[in-house]
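K.L.:
A single structure is presented below for examination.
Just so it is clear, none of the values below were taken in a lab; they were calculated from the coordinates. All figures in this text were calculated on a predicted structure; none of them were measured in a lab. Cβ coordinates were reconstructed from backbone atoms using ideal geometry, including for glycine residues, and neighbour counts include every protein chain displayed.
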Amino acid sequence: MAHWNDPQPTRTDFGVSPDLTGGAAATQVDAGLRRYMLSIYNYMASGVLLSGVVALLFAQSGMAAQMVHSPLFILVALAPLGFVLAMNFGLNRMQTSTLQALYWAFCTVMGLSLSTILLRYTGASVAATFFATAGAFAGLSLVGYTTKRNLSAMGSFLIMGVWGILIAMLLNAFVFHSGGMSLVISVLGVLIFAGLTAWDTQRLKVMYYQVAGSDMAGKVVIMGALSLYLDFINMFQFLLSFMGDRR
């Protein structure tokens with residue numbers, strides 16, 4: 001897998017060193033960093049909006065209810081993973097425009113997959129959970145952007161936690177069928193993806209100093225938006241599982 005997301009905080013091959021603290025060069029770095037991060041947030045927010053619109057239209061059309069009872073549901077559920085793998089493994093070979101197209105296709109397919117949420121939970125609880133997630137995400141991302149603490153070690157621990165949750169979810173779905181275990185998984189999921197939001201934000205900030213002025217900058221913006229999108233959506237889904245009111 002391409003190591004596009006390796007922070008390598010000591011590397012300064014591209015752009016300007018992050019150690020600059022004053023003068024015109026520092027001002028230029030600050031402006032460039034703001035544009036870079038704003039581009040990531042714009043892509044991420046636009047992707048979430050696209051997924052939400054697709055999910056709402058698909059659910060209201062009645063096609064989501066039909067999909068749940070057909071083999072197409074499995075395909076739609078697994079398709080986002082295929083897009084993520086394709087973007088990661090093909091990063092170095094793909095043009096930025098290709099990554100952009102795959103990102104928008106991923107967000108569209110995610111919208112189809114998320115449409116089933118509107119069949120299980122009331123619209124009011126979905127909206128309330130979405131805004132709660134948005135507020136938490138904004139605060140956590142701000143922490144990741146402003147903190148002076150190195151979150152690299154925490155990130156490694158949280159990624160292991162994601163794998164642990166996936167294994168626990170599979171065991172609970174096919175072996176234990178425990179409501180209590182589902183609640184514990186949901187709480188842990190919220191905490192893990194909350195931490196990943198801060199970690200990803202700091203990682204992306206550090207990466208600016210590696211890719212600024214290079215051909216990789218546009219690709220990193222898209223992949224960064226993908227990472228934050230996944231943090232947001234996963235935190236939203238885990239939070240909804242115990243905050244949402246079922247129909």
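K.L.:
Taking the chain as the reference, fit the longest principal axis to its C-alpha atoms, fit the long axis of helix 179-211 to the helix C-alpha atoms, and give the angle between the two in degrees, 0 to 90, nearest 10.
P.N.:
20 degrees
K.L.:
Near the amide H of Y121, under 5 Å away, which other amide H atoms are found, from residues 5 or more places off or on another chain, if H is placed in the peptide plane?
P.N.:
The list, which skips near neighbours in sequence, is R247.
K.L.:
Rounded to the nearest 0.05, what FRET efficiency do N42 and A127 give with R0 = 25 Å and r taken as the Cβ-Cβ distance? Could you check?
P.N.:
Efficiency, rounded to the nearest 0.05: 0.65.
K.L.:
Please give the helix 123-146 orientation as an angle from the longest Cα principal axis of the chain, in degrees from 0 to 90, rounded to the nearest 10.
P.N.:
20 degrees
K.L.:
Moving on. Can you tell me the orientation of helix 23-60 relative to the chain, as the angle in degrees between its alpha-carbon axis and the longest Cα principal axis, to the nearest 10?
P.N.:
10 degrees
K.L.:
Mind giving me the nanometre distance, one decimal, between the label points for Q60 and L188, set 7 Å out from Cα along Cα→Cβ?
P.N.:
Going by the 7 Å Cα→Cβ label model, 3.9 nm.
K.L.:
Rounded, prolate or oblate: which fits region 36-130, taking a ≥ b ≥ c as square roots of the Cα gyration tensor eigenvalues, rounded meaning a/c under 1.5, else prolate when a/b beats b/c?
P.N.:
oblate
K.L.:
Pull out the extension gain between M160 and A138, defined as 0.36 nm times the separation in residues minus the alpha carbon to alpha carbon distance; nm, one decimal.
P.N.:
Result: 5.5 nm gained on full extension.
K.L.:
Using only the Cα atoms of the chain, construct the convex hull and provide its projected area averaged over every direction, in square nanometres to one decimal.
P.N.:
Hull-based average projected area comes out at 14.0 nm².
K.L.:
Then there's this: Return the distance in nm (one decimal) between the two label points of a simple spin-label model at Q95 and A77, each offset 7 Å from Cα along Cα→Cβ.
P.N.:
In this crude spin-label approximation the distance works out to 3.7 nm.
K.L.:
What is the distance in Å between the Cα centres of region 152-195 and region 131-145?
P.N.:
20 Å
K.L.:
Per DSSP H run of n ≥ 4, the term is -39500 (n - 2.57); total these for the chain, divide by its residue number, and report the mean residue ellipticity at 222 nm rounded to 500 deg cm²/dmol.
P.N.:
Helix contribution divided over all residues of the chain: -26500 deg cm²/dmol.
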